[in-house]
1. Residue check: is residue 46 under 16 Å from the mean Cα position of the chain (by Cα) and over 17 Å from residue 31 (Cβ atoms)?
2. Could you go through the stretch 76-86 and let me know if any residue there is among the small types (Gly, Ala, Ser), outside any loop (DSSP other than H, G, I, E, B), touching a Ser or Thr at 6+ places or on another chain (Cβ under 7 Å) and at pLDDT below 85.
3. I need the full set of residues from the stretch 18-38 which are part of a loop (DSSP other than H, G, I, E, B) and either touching a Lys or Arg at 6+ places or on another chain (Cβ under 9 Å) or surrounded by fewer than 10 Cβ atoms within 10 Å (Cβ to Cβ) (or both), in order please.
4. Just the residues that are surrounded by 12 or more Cβ atoms within 10 Å (Cβ to Cβ) and within 19 Å of the chain's Cα centre (by Cα), please, taken from the stretch 49-62.
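The values are calculated or read from the model by the stated rules, or taken from the named source; none is laboratory data. For clarity, every value in this text was computed on a predicted model and none was experimentally measured. Here the Cβ is made from the backbone with ideal geometry for all residues, glycine too, and neighbour counts use every protein chain on show.
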Amino acid sequence: MALLRDTIKAATSAAGAAALADAYAVRERLTVDQWAGQYRRVPERGNPEPGPWQNDRTPYCIEPMRACSDPTVRQVTAMKGSQLGFTDALVFN
């Protein structure tokens, strides 16, 4: 019984250690637009072009997205037309 308990404890400790190592691993630093280009997906529902986010489809959103990544920027203001994708650009899924 003690051998089984020690085996389970060792396996759990190894899995827990691996999970902690993964959780605290150093991640690459990405700006919002870089992250969106690599990881963001546009959902099928309600979108004419679902699939991977494409910064080249909305190049005017890149600068505000980068400003949101900059810790020295306190406020982002944009004078823009309606329905240009700014809400989608700044919603981080």
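1. no
2. No, the conditions are met nowhere in the stretch 76-86.
3. Hits for the stretch 18-38 are 24, 25, 26, 27, 28, 29, 31.
4. Correct list: 52, 53, 54, 55, 58, 61, 62.
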